[in-house]
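Each remark here refers to the structure printed beneath this line.
Bear in mind that the values in this text are calculations on the coordinates, not laboratory data. Here the structure is a predicted model, which means the values were calculated and not measured. Backbone-built Cβ (ideal geometry, glycine too); neighbour counts: all protein chains shown.
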Amino acid sequence: MAAVLCLGEALIDRVGPPGGDPQTEPASCDDRPGGAPANVACALARLGTASAFVGRLGRDAKGAELAQLFAARGVGQRALQWDATRPTRIVLVRRDHRGERVFGGFVGDQGAGFADQALDAGLASTALRPLLAQARWLLLGTIPLAAPAAAQAAWAAVRQAAAAGVALAVDVNWRPTFWDPAADPAAGPTPDQRRRILTLLAQVRLLKCAVEEAQWLFDSTDPCAISASLPQAPLVVVTDGAGPLRWGRAQAEPGLWQPPAVAAVDSTGAGDAFTAGLLHGLCGMPGALSHPDPVALRSAIAFASACGALVCQGVGAIAPQPEAAQVDAFLAAQG
């Protein structure tokens, strides 16, 4: 049974060549499995923490490829749904010569949207019931909130998890083009989008967000202040790419960590690897939800940061994900 249930999108990242455009240079692109919750589920399984994916795939070749990957990684598929009419989403990913990426639109929509947008709340609730009996965390991003059906399924899962005593973790993972394909990929949320996201964040026990997401949603990048503003006073982690990350809780001392410097090839999925590494650590940490040991928490942050750094050194979000022994060896080499 899975310790972490990951709900949301599984998709294909069509990664363009460095400095190129996947829209106009398809022959030079590299199709890689992705989607933040799918990335986290696969990374957890690679690290040795049992996970399950809760989402919907198109009944097509790309969907079958993702399901085969889940099976190979040992990710639970009991809550996986199939869509006979909507395709598996393909995301166009541009990256610069430093490996930084921008999401720039989608491929394959035949007029009814993509399979991940049509997650069925009833089917998900039925499948989740036995899984929640053993789970410790339910992980979501904010992308399901962008589609009515997926949002309904996400909220049903959040209510089920709360009733079962399963903690909610959210990685904001703000992607404006999932809400509006015509949006500027660098735009922040509109007032209505912000309201919907904050309604979800009122339920969290663990919140991860990038520094710009923190500023958009909370007008602050202080993790302790953000935690104090939320009803559950969650553990909050604010990341800043290769810059120092900070974490904290209301009325607690904040922490600071400098991620290891690596030569990045592709940063796609690095944040998801970090989230997986942190959840992996929290699953084995006594009192993680109430009074985590500061030394153990700092160790978990360091481990998670190394997971993200290692993923940056390969192409795609899932293929470069490390095993726990690789992370330990990397940290030992870093001193």
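Numbers for the structure displayed
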| read-out | value |
| --- | --- |
| HN-Hα J in Hz across region 30-45 - Karplus 6.51, -1.76, 1.60, θ = phi - 60°, x for Gly and Pro | 10, 7, 10, x, x, x, 3, x, 5, 4, 5, 4, 5, 5, 4, 4 |
| Rounded to the nearest 20 debye, dipole of region 13-103 from Cβ charges on Lys, Arg, Asp, Glu | 320 debye |
| Option label - P(r) over Cα pairs in 20 Å bins from 0, in percent computed here, alternatives (i) 26, 46, 24, 4, 0; (ii) 34, 62, 4; (iii) 32, 59, 9 | (ii) |
| CD proxy at 222 nm, helix term only [per DSSP H run n ≥ 4: -39500 (n - 2.57); per residue of the chain; nearest 500] | -11500 deg cm²/dmol |
| Residues 224, 307, sorted so that the one with the fewest Cβ neighbours within 10 Å comes first | 224, 307 |
| Region 237-277: relative contact order as a whole-number percent, Cα under 8 Å and 6+ apart | 27 percent |
| Rounded to the nearest 20 debye, dipole of the chain from Cβ charges on Lys, Arg, Asp, Glu | 840 debye |
| DSSP bridge orientation in the chain - percent antiparallel, rounded to nearest 5 | 35 percent |
| Relative contact order of region 79-190, defined on C-alpha pairs under 8 angstrom at six or more residues apart (%) | 24 percent |
| Percent RCO, i.e. relative contact order, over the chain, from Cα pairs under 8 Å lying at least 6 residues apart | 16 percent |
| Region 257-270 - phi-based ³J(HN,Hα) in whole Hz, Karplus 6.51/-1.76/1.60, Gly and Pro as x | 9, 9, x, x, 7, 9, 7, 7, 9, 7, 8, 4, x, 5 |
| Backbone N under 15 Å from the residue 69 label point (7 Å along Cα→Cβ), restricted to region 28-49 | 30-46 |
